[in-house]
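Undergrad: Take this structure first; my questions come after.
Values quoted throughout were computed directly from the atomic coordinates according to the rules given, and no laboratory measurement underlies them. Quick caveat: nothing in here was measured; it's all calculated off a predicted structure. Backbone-built Cβ (ideal geometry, glycine too); neighbour counts: all protein chains shown.
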Amino acid sequence: MPKILFLFLCSFLSVNGVFAQHTFKSVAPDSAKQQSPQIIVTEGSPATYFTTKKVAEKTPLHTCIKMNPLLLLQGDIPVYLERKIAKKLTIEFGLGMTYDNVVTDALDPDHYSETTTKENLMGYSVAAGLRYYPSSTYETMEGYYFAPEVRYRKYKSVANQYLEEPINVKQGRDFTDFKLGFGYVDFIEDHIFIDMYTGVGMRKRNYFNMVRDGEIIDNGTTIVETYELWNENKMVPLFSLGAKIGFAF
């Protein structure tokens, strides 16, 4: 009898051990899967991982058209075209019309006296320059730049009266500027910008057929005031300051 009880007890323990072993193997993995958190390792933030954002690429600019409204006071109405020719290099051309230099007429009484009246005619202006943009932060045609420039303006007029006597004298003045400029291009919109500049150099100034007082002739009965014509060729220092506004594409 004791042997029978001993065998029954061993059989019972072995069955429970097998059952417990099968229960542990089948339940533990499922339980571990349910309780273990999922770890995601990324180089950026979670928002970067779970969301995608399309960033529009900026189209490189290579050409721009601009005007200088301040030159209206000098009687010059040019239109400028700037074109990219290298990574940090552009070339600029300007072509315009000239009519009446209000600044010169007001501040230059030596060449335009009150005794003479004149009629202004249409002339022209041309300009050319090379621009270097040294910044590595901005694209070419934006930011700081250095620019050697040449500019030529031709003004035409006809002196039609000296004192009270009618005359007919064709006049002209030519300005040729040689300048080293420095400026900054600031975009206020995607394609609209302001080009602020300054520069120093020399100006070659030529005047043709200027009218001034001549001899006074007294023939005994009347006194006649005459005039004479004179020219001037001169080099003078040049300082410039201004701004252009334009559209780039």
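Undergrad: Given the options 97, 134, 72, identify the residue whose Cα lies farthest towards the positive end of the charge dipole of the stretch 63-162 (+1 on Cβ of Lys, Arg; -1 on Cβ of Asp, Glu).
TA: The residue sitting farthest along the positive end of the dipole is 134.
Undergrad: Let me ask something else about it. Using alpha carbons only, how many angstrom separate the centre of the stretch 173-217 from the centre of the stretch 86-157?
TA: Value for the Cα centre distance between the two parts: 5 Å.
Undergrad: Further, regarding this structure: Pull out the extension gain between residue 191 and residue 161, defined as 0.36 nm times the separation in residues minus the alpha carbon to alpha carbon distance; nm, one decimal.
TA: My answer for the length gained is 5.8 nm.
Undergrad: I would also like to ask the following. What fraction, in whole percent, of alpha-carbon pairs in the stretch 163-249 exceed 17 Å separation?
TA: In whole percent, the long-distance tail amounts to 69.
Undergrad: Under a crude label model (7 Å from the Cα following the beta-carbon direction), how far is residue 110 from residue 135 in nanometres?
TA: Label at residue 110, label at residue 135, 4.1 nm between them.
Undergrad: Same structure, new question: Divide, for the stretch 85-132, the radius of gyration over alpha carbons by 2.2 N^0.38 Å, where N is the residue count.
TA: With N residues counted in the stretch 85-132, Rg over 2.2 N^0.38 Å equals 1.81.
Undergrad: Starting from the Cα of residue 174, step 7 Å toward the Cβ, then list every residue of the stretch 138-155 with an amide N under 15 Å from that point.
TA: In the stretch 138-155, the label zone of residue 174 (backbone N under 15 Å from the point 7 Å along Cα→Cβ) covers 151-155.
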